[in-house]
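This report refers to the structure that appears directly beneath it.
What follows is calculated from the coordinates using simple rules that are stated; it is not laboratory data. Nothing here was measured: the structure is a model prediction, and the numbers come from that model. Ideal geometry is used to build each Cβ from the backbone, glycine not excepted, and the neighbour counts take in all protein chains shown.
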Amino acid sequence: MELKTRKRLSLLVLVVLMPLYVVAAVTMMNWLDTRFGRQPILIEVLVYLALGVLWALPFRRVFRGVGKGE
């Protein structure tokens, strides 16, 4: 993939898809709270950490090398 294309895709991911993912993750956690009750703080932290890493896995190739020069 060309560098210019990766830069545009990474901008799209960070500006459009990332906020949508954050809203979906918080909505899911709120649904879990209403469905099963409040979880212990350690479990909540682990779920948020997993969700924080999970979003980046499909986009590794897009972000690789974007900060480097031509």
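When the residues of the range 14-37 are filtered to those that are among the β-branched types (Val, Ile, Thr) and surrounded by 12 or more Cβ atoms within 10 Å (Cβ to Cβ), the one that is farthest from the chain's Cα centre (by Cα) is 26. Within the range 53-70, the set of residues being within 9 Å of the chain's Cα centre (by Cα) and surrounded by 12 or more Cβ atoms within 10 Å (Cβ to Cβ) comprises 55, 56.
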